[in-house]
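Read the structure below first, then the notes.
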Amino acid sequence: MAACSIEDLLAKAEQDEAEKLKSITVQKELDLEFDIGNLVAYDKNRIDIRQFREQKKEDFLRSLARDNTQLLVNEIWKHPTERVEEVIVVKLPEPTTPLPREKPPPKPRPPTKWEEFAKLKGIQKKKKTNLVWDDVAKNELHRLRNIARAQKIKVPGVGLTPTAQQSKTDLARAVNVAKSSTASAGKFQDRLPKEKAPRNTGKKRKFQPVIGNFSNEKQRQLDLLKVLDSKKPRLDVNKAVNKQMREDDREESAAKFKKGGKKGRKGGNFSGKGKGGGGKGKGKGRAGGKGQGPPSGKKGAGKPGKR
């Protein structure tokens, strides 16, 4: 009895194994056509109408789809494989079936006037440089710009800019920039034994404590309310005295300028009244002298007298 049961178990195991092997083996009258690049399989076999009518439509279609999918998977694993990140993948070939587009292909762009002119003259575009942009250097430059903007200084170069001769100031600036480039802005950087503190680094704004004794805060608020509530503004005596002294000095300077200004020149008339028969007249100072004119007594132009 025990022997029969063991034989039955072995037969059942063989049957199960055969079913598993049969599940990956599909028999078709005509071989399917495959396009592995697009993961597509074409089945040209004739559908059995009798079997289609006897079975349910969904079961028949599901069984047909399963068999064709199995054949497609079998064909995929016939291609070369490789291991990528502990996973075995298949290298798919190029697709062979042209698939329709959703939209028409774009039309070629008409050439510009410059392109037409360059083609006519045979001008070819040349590369300006062979340098390659470094993203790491770009990020480093942005970081140094942010640090320089925060410290209100000029944007430094990437590291120490090479020059003919490095001065002491340049070296000190490069050291300060290198120390302040850390995440803590150089707060926890160690100093040398005789290193001096950097100058012109700016002052940090100090805030009043938010906990503890509030008497000082209370007094500040009361003083502020007192100033706002007073009808007359608070008088700064020193500022008022200085302003008055400046006004007095300005008025005194204006008065001295008016008093010692340029004196107006006295104007002279260089024409003289003529007497007698056309002699020369003599004049004193800047005024014109009297000259002898024609007998008719008309005014004649006399020569200016000597000083």
T169 accessible area, nearest 10 Å², 1.4 Å probe? 90 Å²
I need the calculated FRET efficiency for the pair F207 and E252, taking r as the beta carbon distance and R₀ as 45 Å, to the nearest 0.05. 0.40
For E102 and V40, extending 7 Å from Cα along the Cα-Cβ vector and measuring point to point gives, in nm, a value of 1.7 nm
Only loop residues by DSSP count here, and only those with at most 16 other Cβ atoms within 10 Å; note down the trypsin sites (Lys or Arg not before Pro) in the range 56-95 that meet that. K56, K78, K91
Eligible aspartates and glutamates near K103 by straight Cα distance, threshold 12 Å, same-chain separation 8 or greater: none
Highest-first arrangement of 180-187, 119-126, where packing means the average Cβ count within 10 Å: 180-187, 119-126
Charge sum, other residues only, whose C-beta stays under 12 Å from R246's C-beta, Lys/Arg counted +1 and Asp/Glu -1: -2
Please go through the range 27-127 and write out the GluC sites (Glu not before Pro) that DSSP classes as loop and that have at most 11 other C-beta atoms within 10 Å. E29, E85, E86, E102
Leaving out ligands, DNA and RNA but keeping every protein chain, what accessible area does R173 have, in Å² rounded to the nearest 10, with a 1.4 Å probe? 120 Å²
How much FRET efficiency would the formula 1/(1 + (r/R0)^6) give for L120 and E94, where r is the Cβ-Cβ distance and R0 is 51 Å, rounded to 0.05? 0.85
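The values are calculated or read from the model by the stated rules, or taken from the named source; none is laboratory data. Since the structure is predicted, the reported quantities are computational estimates derived from the model, not experimental observations. Note that each Cβ is placed from the backbone with ideal geometry, even for glycine, and that neighbours are counted across all protein chains shown. Accessible surface areas use protein heavy atoms only, side chains included; no ligands, DNA or RNA. Shrake-Rupley method; radii C 1.70, N 1.55, O 1.52, S 1.80 Å.
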